[in-house]
Ligand SMILES: Nc1nc(=O)c2c([nH]1)NC[C@@H]1CN(c3ccc(C(=O)N[C@@H](CCC(=O)O)C(=O)O)cc3)CN21
Ligand SMILES: CC(C)C(=O)C(=O)O
Ligand SMILES: [Mg+2]
């Protein structure tokens with residue numbers, strides 16, 4: 001039995017079954033998450049912050065990503081694996097293709113993700129034409145923290161919401177097979193999920209998307225500093241980590257997470 005496929009994830013969208021996704025950085029957690037029914041494991045560049053103690057995700061390197069992808073791949077068998085391309089590893093389509101190929105060949109992932117809008121449409125096209133599945137990432141772009149002036153909600157104004165909406169359509173048209181929407185109002189998350197054919201995953205984008213993702217350390221209540229307000233500590237109310245992860249999966253499946261009051 002191989003790993004879950006994009007075909008299955010698209011089918012879940014069509015049938016209204018919510019997709020449960022969490023970040024994973026090592027083999028032990030990968031096995032635990034998969035056993036709890038998490039469909040998608042994201043080897044996120046958030047590892048720079050939660051594992052390495054960096055101020056942002058910018059210092060994370062390709063070698064870091066490959067190392068953690070390999071560990072997650074060894075710990076899991078069934079889950080769909082997706083990895084972030086780190087800061088400046090996709091500055092040109094050719095560089096993106098070389099680095100994405102490394103994440104797939106050496107890291108063992110099925111899909112790569114990078115942050116940005118329509119300016120990356122050419123890169124999405126270049127990769128997907130060569131057999132590399134791409135997840136787009138819109139809204140709050142942590143690798144652009146210094147341009148955005150902090151980790152702020154995006155798409156609050158009419159113009160900015162329209163721009164994110166248009167970017168989503170352009171990237172789907174360019175070949176993206178999944179989209180992560182980070183830190184945008186629930187209304188915008190809802191609209192984009194309705195117009196796109198590809199699965200849309202919410203990271204602080206409200207309850208109406210096709211799936212949810214959180215940083216593992218946030219949902220276990222063990223990250224340094226204050227986690228984003230859209231996150232929730234699932235270890236509270238349970239006695240152990242496997243139960244906390246199980247609680248997250250069932251809350252996502254039953255559409256109990258996120259509640260509207262944890263959304264923008
Ligand atoms: N531990 C961790 N969790 C994450 O979710 C995460 C990372 N690290 N690192 C990379 C990015 C950065 N992210 C963040 C970080 C902070 C906020 C945050 O504090 N947001 C404010 C919004 C304030 C506003 O504009 O109204 C909040 O209160 O939620 C959101 C996303 C998401 N990602
Ligand atoms: C927060 C998620 C979407 C991410 O990109 C990461 O963990 O790096
Ligand atoms: Mg990331």
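Where a number appears in this text, it was derived from the coordinates with a stated rule and is not lab data. Source: prediction; values computed, not measured. So basically every Cβ, Gly included, is an ideal-geometry build from the backbone, and we count neighbours across all protein chains shown.
Given contacts defined as C-alpha pairs under 8 Å and at least six residues apart, what's the relative contact order of segment 6-257, whole-number percent? Averaging sequence separation for qualifying contacts and normalising by length gives 18 percent for segment 6-257.
Here the calculated FRET efficiency for residue 147 and residue 92, from their Cβ-Cβ distance with R0 = 22 Å, stands at 0.70, rounded to the nearest 0.05. Largest GNM mean-square fluctuation among 99, 190, 239, using the chain with Cα springs under 10 Å: 239. By the count of neighbouring beta-carbon atoms within 10 Å, fewest first, 57, 238, 123, 7 end up ordered 7, 238, 57, 123.
Looking only at 208, 217, 151, which one moves most when the chain is put into a Gaussian network model with springs between Cα atoms under 10 Å? For the chain, modelled as a Gaussian network with Cα springs under 10 Å, the answer is 151. With a cut-off of 20 Å on the backbone N, the residues of segment 215-253 near the modelled label site 7 Å out from residue 27 along Cα-Cβ are 242. If R0 equals 41 Å, the separation of the Cβ atoms of residue 158 and residue 101 corresponds to a calculated FRET efficiency of about 0.55. Comparing 121, 129, 79 in a Gaussian network model of the chain, where Cα atoms under 10 Å apart are tied by springs, the biggest mean-square fluctuation is seen for 129. A Förster radius of 35 Å combined with the Cβ-Cβ distance from residue 187 to residue 54 puts the calculated FRET efficiency at roughly 0.60.
Pairs of alpha carbons in the chain separated by more than 30 Å make up 18% of all such pairs. Ranked by how many other Cβ atoms sit within 10 Å of their own Cβ, fewest first, the residues 152, 10, 74 fall in the order 152, 74, 10.
Once you reduce segment 206-241 and segment 73-89 to the center of their Cα atoms, the two points are 20 Å from each other. The mean sequence distance of close C-alpha pairs (under 8 Å, at least 6 residues apart), as a share of the length of segment 142-264, puts its relative contact order at 20 percent. Among 63, 210, the order by Cβ neighbours within 10 angstrom, fewest to most, reads 63, 210.
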